[in-house]
Structure formats: structure tokens, C-alpha cells
Amino acid sequence: MAKPDMSRNKDLAGKTVSKGGYNISYNENGYATSAIKTGSKTGKAAAPSADTVGGGGSDRGSYGGSVYDQEHFSNDELRSAAEVRAAAAAGKTTWADAHDYVERIRSNYGYSGDTDGSRYIPLEMGGGGRGNGGGGFSYEAAPTYTSRYQNQIDDLTRQILNREAFSYDPEKDPTYQQYKESYTRNGERAMQDTLGQVSARTGGLASSYAGSAAQQTYDNYMGALADKIPELKQLAYSMYQDEGNTQRANLEMLVALEQGDYAKYADLLAQYNTDRSFDYGVHRDNISDERYNNEWNYSVGRDQIADKRYEDETAYNRETYKDETEYNRALAKAQTLAAGGDFSGYKALGYTDQEIAGLKSAYNKAQASARSGKPGGTGGKGGDVYSQMYNAGVRSYDDAYAWLRAAGYGTTDANRYANGLVNKIKSGDFEKSGDSGSGGKTSLDWDQDEGIFTWNGRNYSSVEQLLNEISQASLTDSELATLKRKFKLFGFDLS
């Protein structure tokens, strides 16, 4: 089983989901904090799939991809891979770029699909918590944040918001009770002193005046006590206000401490993301360098094959003709014979019987055209002779020269028009003008890197598929011979 995908996913913040055979838990910031294999003693049953939690929910099978991609990719990743493959099939991007795109997704899950994307090849994930130059990329977990003051902030906030309104009850005020005891005690003492003093003046006899004077003295003390209540109330309110201000000041201090801690965490997280991005860039550069080296080696290999093929062909020609002069003499002889309808001279130049038959067919068409008096015969030289040759399936200098000589052109004109036709074909003049004729049926290309054949405006992924299509098309012998020559240039001998 591949290693778990521990990359950040904001959509899964605070959730535990099943992904790639693991139950993965994410913290409130979307960072994976733990991964437990499903079915293990601690993992138990699989959690809801990441696609279900993340809002995927579409038919995964319709997106295609290997069984391993279906197992590991999210819905969005499967969908984007399918879109890239469709773009490559439509010619909007190359298959190499499409393969590279899907391989990057696979590398996040620790595997490669090999060259055709169907296999499961584990990648080395590296160690030390840092990215490496291998196929996969791993990194240490991002820093997390836990507040040291949040509980205190919450408690103090509740106290401030739920604080009772100010009210004052003297009987519940300890300060007032102290005053009350003191004033009552002093009032009673003063009342007794007043009663004693008044009684002494009357010879020690109690009188109503003495009692009234004593009571008045006591009432004066109680009045003074009552006068203290507004003062004590104001003092209590000031204390109430001071307590509220102190609570708010404490809350501001805790919030400032919290903000300071979070700012430090934000700096750590920013540095983490910077380091991770840099290391991932190095990782991707290493992969790009490795891919470049592979492509370079492949290109060198293809060049060596092409060089070997050229050497083999050159060796064959030099074995048949000791020097270029002898070859040119043989070519001139073949062209002279061809002007009279005898194409046997091309046999010594390496042409197959079928190719010679194609030349003969072109000659016969030119002769028929000359006899009918149509343009291109001896009575209608020049004009649209290039289109006539192209529509007759003529694609090479030799075929053109034979066709022109058969049509009555002299050696100088035949050479000039034959070279002109070759130049027009190379520059794509017939494709640009829309003069397809049978040209589309003999236009063959092969993308060696992707193994894709292009014929008659359509793409084919195998030789067998293309040959089956060609066999069902109505082609002339000359067109078939031209296609076989092109196949032979690509390394496919169909003779």
C-alpha cells in the first residue's frame, strides 16, 4: 500500500476521512495530523471517503485512468486527468505533456504509472522530512498553533458581558456596618452622658427634659450615620467601576499576548511554506533534469538508428554503384528508357516491381492525357501541370520526370517541372490550396515518440489499425506504392 497523502486540504479541516487506504485526520487549519491504516486495531472501519466529504460524489469510473488511479485520485484529480487526455487526443497538447501531468498527480501518492500509465511502481519518498530528487515528494508536517490564553480570554469575556448592574444596600456594606456600630455605640454613650449631666443639675432626679435631651443626642448620632450613606454609596460605585476597568484591562492584556503568540506562529508558518515551496521547486527541477536526460538519450538513440539506416542505404547503393557517376549514368539511362514507356531501368536502381508498376501507370495516364488533347499533353504543356501530376499520384522527382517525358516534355522542361513539383510538395502548397485530389490518401506521417500514425486527416495508434483502414479505401496502385515507400522510410517494410 502506498504511503498516505498528508498534504494540506482546507476542505477537510477538522474532519477524519478515508483516503488511499488510511483514515486521515485533519486539524482546524486543514493539515493532516495522523494517518491510520483502515482495518488496523486503531483504525477500525474506514471513515467516510475524502471525495464524499469534500463534495465530490460523481461517477469516478467515467473519468477513466488505471485501477490504481481510481483507488488513489480524488474526483477532481480524475476529472482533470481525463480532460488532459482528451486535449491530447484532440491535438491541443502532446501526449508527452499529458503523461507528465498525470504522473505529477501520481507522485503525490507515491507511485508512477510507468510509460503507459497502467502500472503501479512505488517511488522513493526520501527521508529527513525534506523533498528529494526521486519520483515522489514528502515534507515534514506544518507547524500548528495552540492558544495559551484562549480559555482565560473566554472566561473573562463572559464575566464582563454577564456582570450584574450596580446596586447598593447599606445593610450589605461592611463599611456601613462598621460606621453603624461605631455611631450607635457613641450615640448611646453620649445619650447616657447627657442624661447624667441634666439629672445632676436637678439634684439627681430624672426628668422629662433630661430624657428628651438624651434622646436628642442619640438621634443626632443616628442622623450623622444616615448622612454617611450617600458617601458610602459613591465609594461602592467607584469600586464597582474600578473592578470593571480592571477586568477590561486584563482582557486587553490577554488578547495582546494571544496576538503576539499567533504572529510568531504566522511567521513560522510563512517560513515553512517558503521552505517547502523552494524544496518542491528543487524536487521538480531534478525530475525535469532527469526527464531531459532521458529524452536526450532517446533522441541520441533515434539519431543513431537514423544514421545506421542511412549508412546501410548508402552502403547498399555504393555496393551496387561504385561511385555517384555510375549511379547518375544508370539514372539517366532509366529516365531515357522511361520516356519511351520502358521502366526496366529502374529495377537496377532498387525500385520494386510494384513501384515500377506505379511509374508505368503514371506513364499510361500521361499518354492517355496526351492522346485526348487535355492540358498536360504535348499540345498543352505548362499550365496546371503540377496539379495534374499531383492528382495522378506523382510524388517524387523520378516519377515526375517519367510522367513529364511520357507527356512529351523535353529533358530540360521535364527536369525543371519535376524539381518544381518536389519543391511544392515540400512547402505544402497543395495542402494550403486545398487541392487534395488523391494527395490526402498518400499523405502519411508518424509520431515516433507517441507511436501515432496520421493518414488522410485521421490518427491511428497501430500499424495494424492503419493497414486495415487503407485496405478498405479505394487506392490506385501508384498511391499504394507511394504509401509503402513512406512506410519503408519509417522502418516498416510491407513488401
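The values are calculated or read from the model by the stated rules, or taken from the named source; none is laboratory data. Source: prediction; values computed, not measured. As a convention, Cβ positions derive from the backbone with ideal geometry for all residues, glycine included, and neighbour counts pool all protein chains shown.
Which one of Tyr292, Tyr321, Tyr298, Tyr272 is surrounded by 12 or more Cβ atoms within 10 Å (Cβ to Cβ) and at pLDDT 70 or above?
Working: Tyr292 fails: surrounded by 12 or more Cβ atoms within 10 Å (Cβ to Cβ); Tyr321 fails: at pLDDT 70 or above; Tyr298 fails: at pLDDT 70 or above.
Testing whether each residue is surrounded by 12 or more Cβ atoms within 10 Å (Cβ to Cβ) and at pLDDT 70 or above leaves just Tyr272.
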### Query
Within the range 137-164, which residues are among the aliphatic types (A, V, I, L, M) and part of a loop (DSSP other than H, G, I, E, B)?
Ala141, Ala142
### Query
In the range 216-233, is there at least one residue being more than 30 Å from Gln152 (Cα to Cα), of a type in the set (Gly, Ala, Ser), in a helix (DSSP H, G or I) and touching a Ser or Thr at 6+ places or on another chain (Cβ under 9 Å)?
no
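Quick one: which helices (runs of 4 or more DSSP H) sit completely within the range 332-449 and have at least 1 residues that are at pLDDT 80 or above, closer than 30 Å to Thr94 by Cα and not aliphatic (A, V, I, L, M)? Can you show your working first?
Details: elements: 353-372, 385-391, 397-406, 411-427, 429-433, 439-442.
Correct list: 411-427.
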### Query
Looking at (1) outside any loop (DSSP other than H, G, I, E, B); (2) exposed (fewer than 11 other Cβ atoms within 10 Å of the Cβ), can you tell me which one Ser167 breaks?
(1)
